[in-house]
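Have a look at the structure below before the remarks.
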Amino acid sequence: MEKFVTVERARELMLQGVGPMPVEKIAITDALGRVVAEDILVDRNIPPMDNSAMDGYGVRALDTVAATSGQPLKLTVVATIPAGQQFGGEIKAGETVRIMTGAPIPAGVDAVVKRELVEEHDDHIFLTEPVSPQNDIRYAGEDVLAGDKVIAAGQVINPAMVGMMAAVGYPYVSVVQRPRIAIITTGDEIVELHERPTGGRIRNSNSFSLSALVQHAGGIPLIFPTVRDDPSRLKKVVEQSAAVADLVLTTGGVSMGDYDFVRT
């Protein structure tokens with residue numbers, strides 16, 4: 001073992017001794033902050049069908065070309081299409097459908113005009129300006145195509161990813177198991193938090209700082225009782241902690257002092 005190493009060298013030596021963590025499958029309701037272990041693929045187009053981006057009226061854009069404020073275009077409303085329902089017919093010249101946000105676009109419609117831009121009179125509407133083709137229509141697969149990868153393995157799951165997994169049909173997801181990190185503080189000068197330090201002693205703040213860092217990084221901290229400057233006791237506690245943890249993290253006892261036993 002090298003006596004003194006740089007931080008970079010220490011990190012290199014540490015990484016040589018670790019490997020990938022096992023994988024477990026959990027509900028997406030518990031997945032926030034975990035590391036996804038599989039690529040998340042889309043099972044169908046998003047949106048799944050052409051649909052309206054606005055509450056309004058579905059029209060044939062060609063019918064509206066000549067519409068002006070002086071000579072409004074009159075269209076007959078032949079149906080109302082709420083979200084989640086389909087209209088089985090086809091819109092013909094001079095016709096329109098009242099359509100809600102998210103509702104499927106029926107045959108014959110190639111544009112949607114916002115409701116607030118028309119005048120409504122019974123079963124008719126009046127348009128005072130042309131509507132461009134594709135206006136306010138969201139097309140199938142416009143956001144994501146079936147088979148696309150929307151989340152790559154190795155990413156930390158955030159709230160938006162949870163929503164995406166729900167949208168593409170993943171009630172459960174494979175994630176990397178959280179590593180269990182044993183934390184051992186050493187030194188005769190260390191006292192516990194409830195004790196009042198006297199005679200040059202200090203409270204055990206390192207264990208709790210390191211515990212918070214472990215949690216922040218996604219691990220599970222296991223704080224062991226403070227170990228005095230006793231090499232045989234230290235060896236026993238390290239062995240005990242290694243039996244239940246994926247990694248043992250020690251603080252103290254690594255310099256050149258007579259009671260620095262961790263480094264040996």
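Coordinate-derived values only; no laboratory data. As the structure is a computational prediction, the values presented were derived from the model and not from experiment. Every residue, glycine as well, gets a Cβ built from its backbone with ideal geometry; the counts of neighbours run over all protein chains shown.
Numerical summary
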read-out	value
Residue-averaged [θ]222 nm for the chain, counting only DSSP H segments that reach four residues, each worth -39500 (n - 2.57)	-5000 deg cm²/dmol
Most fluctuating residue given options V78, V150, V59, as computed from a GNM of the chain linking Cα atoms under 10 Å	V78
Efficiency of FRET from Cβ geometry, A79 and T128, R₀ 25 Å, rounded to 0.05	0.65
Label selected from (1) 93, 37, 32; (2) 98, 38, 31; (3) 61, 40, 34, the criterion being Cα extents along the principal axes in Å as computed here	(2)
3J(HN,Hα) from dihedral phi, the stretch 193-203, Karplus parametrisation 6.51/-1.76/1.60, rounded to Hz, x for glycine, proline	4, 7, 8, 8, x, 9, x, x, 8, 9, 6
Net charge of Cβ neighbours under 14 Å - reference D110; Lys, Arg +1; Asp, Glu -1	-2
Proximal lysines to K74, defined as alpha-carbon separation beneath 20 angstrom and excluding residues fewer than eight positions away on the same chain	K92, K114
Net charge of neighbours whose Cβ lies under 14 Å from the Cβ of V214, counting Lys and Arg as +1 and Asp and Glu as -1	+1
Rounded to 10°, Cα long-axis angle of helix 206-216 versus longest principal axis of the chain	20 degrees
Ordering of 27-35, 107-115 by packing [mean C-beta count within 10 Å, highest first]	107-115, 27-35
Value in Å of the Kirkwood radius, where the stretch 51-138 supplies the Cα pairs that are averaged	12.4 Å
Percent breakdown of C-alpha pair distances by 5 Å bin, ordered from the shortest bin, for the stretch 124-181	4, 11, 18, 16, 11, 9, 7, 7, 7, 4, 3, 1, 1, 1
Per-residue ³J(HN,Hα) for the stretch 48-59, Karplus 6.51 cos²θ - 1.76 cosθ + 1.60, θ = phi - 60°, Hz, x for Gly and Pro	x, 8, 4, 8, 7, 8, 9, 6, x, 10, x, 9
Partners for K149 among lysines (Cα-Cα distance below 28 Å; same-chain residues under 8 apart left out)	K25
